[in-house]
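See structure below.
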Amino acid sequence: MDKDSKQVVVLLTHPNIKESRANKALMDAISDMGEVAIYNLYEMRVEDAFNAEIWSTIISHASALVFQFPFYWMSAPSLLKKWQDEVFTYLAKTPAVAGKALLVAVVTTAGSEHDAYRSGGRNRFTVDELLRPYQASAVHAGMVWQTPVVAYGMGTADAGKNIAEGVNDYKLKIESLIGKSHVSGDW
């Protein structure tokens, strides 16, 4: 099966995936799934711009789109924003994304544990609140927003356990998007 005809397209946006513990573990957990195509935007980077026509073909053949990235200053690395500006803006005006699932998989690499991401917590906001722009983009484009998969606490003593839990949650969610499990579409 060609990469552009996979059911789930994952846009991995990590500037140094080789040095990552958590995002690399999440990527490795799904990389051997035949129905998943992982596009590492930092490996594909071209100096001029992303080609919206090529991406339109890739996304048109997919049933779901996943943004996977580490949380930097409560957002994604800048290359995902560049892709959104140059490609998603175009796709949102076409039937290429309409009705498709959009999942955000986030790894909080600032070291914060789950309790830090709540009202009154150290970061003051939930991850769901911080990801509202991605949800709004999905809604605007006619996509089906999925509850994000988040691996918390990479800088804590429980980082290894948290990564394992995140990997399990991510794998189950991707399997549900490709129809291999009985997990509901929105957790």
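The values are calculated or read from the model by the stated rules, or taken from the named source; none is laboratory data. The structure displayed is predicted, hence computed values, not measured ones. All Cβ positions, glycine included, derive from the backbone under ideal geometry; neighbour counts span all protein chains shown. We work out accessible area using only protein heavy atoms, side chains counted, and drop any ligands, DNA or RNA first. Shrake-Rupley method; radii C 1.70, N 1.55, O 1.52, S 1.80 Å.
Checking the conditions here, which among GLY179, GLY166, GLY153 is under 21 Å from MET27 (Cα atoms), part of a loop (DSSP other than H, G, I, E, B), at pLDDT below 95 and open to solvent by less than 30 Å² (accessible area, probe 1.4 Å)?
Selected residue: GLY153, the only one of GLY179, GLY166, GLY153 that is under 21 Å from MET27 (Cα atoms), part of a loop (DSSP other than H, G, I, E, B), at pLDDT below 95 and open to solvent by less than 30 Å² (accessible area, probe 1.4 Å).
Being part of a strand (DSSP E or B) and polar (S, T, N, Q) is the filter here, so list the residues in region 59-99 that pass it.
If the condition is that a residue be part of a strand (DSSP E or B) and polar (S, T, N, Q), then GLN68, SER75 are the ones that fit.
Suppose we filter region 136-146 for residues that are on the phi < 0 side of the Ramachandran plot and loosely packed, with under 15 Cβ neighbours inside 10 Å; how many remain?
3
All but one of (1) open to solvent by 40 Å² or more (accessible area, probe 1.4 Å); (2) at pLDDT 90 or above; (3) in contact with a strand residue (DSSP E or B) (Cβ under 6 Å, 6 or more places away or on another chain) hold for GLU86; which doesn't?
It fails just one condition, (3).
Which of the numbered conditions does SER56 fail, given that it passes all the others? Conditions: (1) assigned to a helix (DSSP H, G or I); (2) open to solvent by 30 Å² or more (accessible area, probe 1.4 Å).
If we test SER56 against (1) assigned to a helix (DSSP H, G or I); (2) open to solvent by 30 Å² or more (accessible area, probe 1.4 Å), just (2) comes out false.
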